[in-house]
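A short worksheet on the structure shown next.
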Amino acid sequence: MENKFIIAVYVENTAGVLTRVTGMFTRRGFNIDTLTGSGTESDKYARITICMRGDDYVKEQMINQLRKLVVVKKVEVLKDEPIQRELILIKVKNDTVSRNDVMAAVEVFRASVIDYSPESMCIEVTGNPSKIDAFVKLMEPFGILEMCRTGIVALERGANMLLAE
């Protein structure tokens, strides 16, 4: 059975690390739904958050292969509904017919209009992936001109932490 899972990878913060990690996925033929890389509390390390789908075999293979990379310091599958957030910038048509409906959606979703012109509005939405999906679906009838999503960032709840040991 195919499941969605989130893998957090703590890596050395050096040039070429992301290429090594993604190359490993490519060589194995695994598909990534989202991948986000960022700095951490230490300049020495970066964190890569990978969201993908697969069965338990795929999940275990990915973890084992990641652990073999010298630049990888720690790998963990996030459990128990981790805290997840994603950001989207979405540009929609701005016209007098739909403007009030778009602005009402912006308010309901606690989004922000970050650019406004007579032809378009650029809206920023942050939240869990299902909230982002719902906002995109709601905006489709108004005319999405362009959009860009960050991918998931996630942390486990409680005291569990992903740190290099």
May I ask you to verify whether ASP80 is on the phi > 0 side of the Ramachandran plot and either touching an Asp or Glu at 6+ places or on another chain (Cβ under 8 Å) or not hydroxyl-bearing (Ser, Thr, Tyr) (or both)? yes
Search region 153-165 for residues being over 12 Å from ARG47 (Cα atoms) and in contact (Cβ under 8 Å) with a residue 40 or more places away in the chain, and hand back the single one that is nearest to the chain's Cα centre (by Cα). GLU156
Would you please name the residue that is nearest to the chain's Cα centre (by Cα), looking only at residues in region 1-17 that are modelled with pLDDT under 90 and not in a strand (DSSP E or B)? GLU2
Let me confirm something: among VAL106, VAL102, VAL113, which residue is over 30 Å from ASN13 (Cα atoms), more than 22 Å from the chain's Cα centre (by Cα) and among the β-branched types (Val, Ile, Thr)? VAL102
Name the residues in region 129-152 that are of a type outside the set (Ser, Thr, Tyr), farther than 18 Å from ALA104 by Cβ and either within 9 Å of the chain's Cα centre (by Cα) or part of a strand (DSSP E or B) (or both), would you? PRO129, LEU145, GLU146, MET147, CYS148, ARG149, GLY151, ILE152
Scan (1) closer than 30 Å to MET121 by Cβ; (2) in contact (Cβ under 8 Å) with a residue 60 or more places away in the chain; (3) among the acidic types (Asp, Glu) for the single condition ASP95 breaks and write down its number. (2)
Is there a residue in region 87-109 that is surrounded by 15 or more Cβ atoms within 10 Å (Cβ to Cβ), more than 27 Å from LEU18 (Cβ to Cβ) and either among the hydroxyl-bearing types (Ser, Thr, Tyr) or in the same structural domain as GLN61 (by TED's automatic domain parsing) (or both)? yes
Any residue in region 131-142 that is at pLDDT 95 or above, touching a Gly at 6+ places or on another chain (Cβ under 7 Å) and not assigned by TED's automatic domain parsing to the domain that holds GLY37? no
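The values are calculated or read from the model by the stated rules, or taken from the named source; none is laboratory data. For clarity, every value in this text was computed on a predicted model and none was experimentally measured. Cβ sites come from the backbone with ideal geometry, for glycine too, and all protein chains shown count toward neighbours.
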